[in-house]
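Notes follow once the structure below has been shown.
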Amino acid sequence: MPVFMKDFRHPGIADGLRLAVERAQTQAALAGMLGLSQSAISKRLAKREGLEAEEAIIVERELGISRHLLRPDLYPLEERGTSVVDRLNGARA
């Protein structure tokens, strides 16, 4: 299992998936956008799972939902004026 899939049962992740379904209007529409089956979306909702990292990026681009809302464990809110890259570079210095 890829590292980014390890823990996608994080509090709030399923809420982001529900929001994506609402914005797409149907599970089938969201599934089609992501190259998944409708049943895959339904199973994730039932298990309170969320989207994979790459799927969150697609949903952000296509539906305008922040990747932070979809995967807060992978995409935390950035500190004002500080990007994730800047923080990582600072940690390496």
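Suppose we keep only residues that are charged (D, E, K, R) and in contact with a helix residue (DSSP H, G or I) (Cβ under 6 Å, 6 or more places away or on another chain) within the range 53-77. Which one would you say is modelled with the lowest pLDDT? Lay out the reasoning, then the answer.
We begin by selecting, within the range 53-77, every residue charged (D, E, K, R); these are 54-55, 60-62, 67, 71, 73.
In the following step, the residues that additionally are in contact with a helix residue (DSSP H, G or I) (Cβ under 6 Å, 6 or more places away or on another chain) were identified as 55, 60, 62, 67, 71.
On the way: GLU55: 96, GLU60: 96, GLU62: 97, ARG67: 92, ARG71: 89.
Checked the range 53-77; the qualifying residue modelled with the lowest pLDDT is ARG71.
In the range 32-66, which residues are outside any helix (DSSP H, G or I), of a type in the set (Asp, Glu) and open to solvent by less than 30 Å² (accessible area, probe 1.4 Å)? Break it down into steps so the answer makes sense when it comes.
Let us first name the residues in the range 32-66 that are outside any helix (DSSP H, G or I), namely 35-37, 47-52, 64-66.
Okay, now just the ones that are also of a type in the set (Asp, Glu), so 49, 52.
Answer for the range 32-66, where residues must be outside any helix (DSSP H, G or I), of a type in the set (Asp, Glu) and open to solvent by less than 30 Å² (accessible area, probe 1.4 Å): just GLU49.
Which residues, taken from the range 16-27, are open to solvent by less than 60 Å² (accessible area, probe 1.4 Å) and either over 12 Å from GLU60 (Cα atoms) or in contact with a Ser or Thr (Cβ under 7 Å, 6 or more places away or on another chain) (or both)? Explain how you work it out, then say what you get.
Step one: filter the range 16-27 for residues open to solvent by less than 60 Å² (accessible area, probe 1.4 Å), giving 16-17, 19-21, 24, 27.
Hits for the range 16-27 are VAL21, GLN27.
The values are calculated or read from the model by the stated rules, or taken from the named source; none is laboratory data. Note that the structure is predicted; figures quoted are calculated from it, not measured. Methodologically, a virtual Cβ is constructed for each residue, glycine included, from the backbone with ideal geometry; neighbour enumeration extends over all protein chains shown. Areas reflect the complete protein model, heavy atoms only, side chains present, ligands, DNA and RNA absent. Shrake-Rupley method; radii C 1.70, N 1.55, O 1.52, S 1.80 Å.
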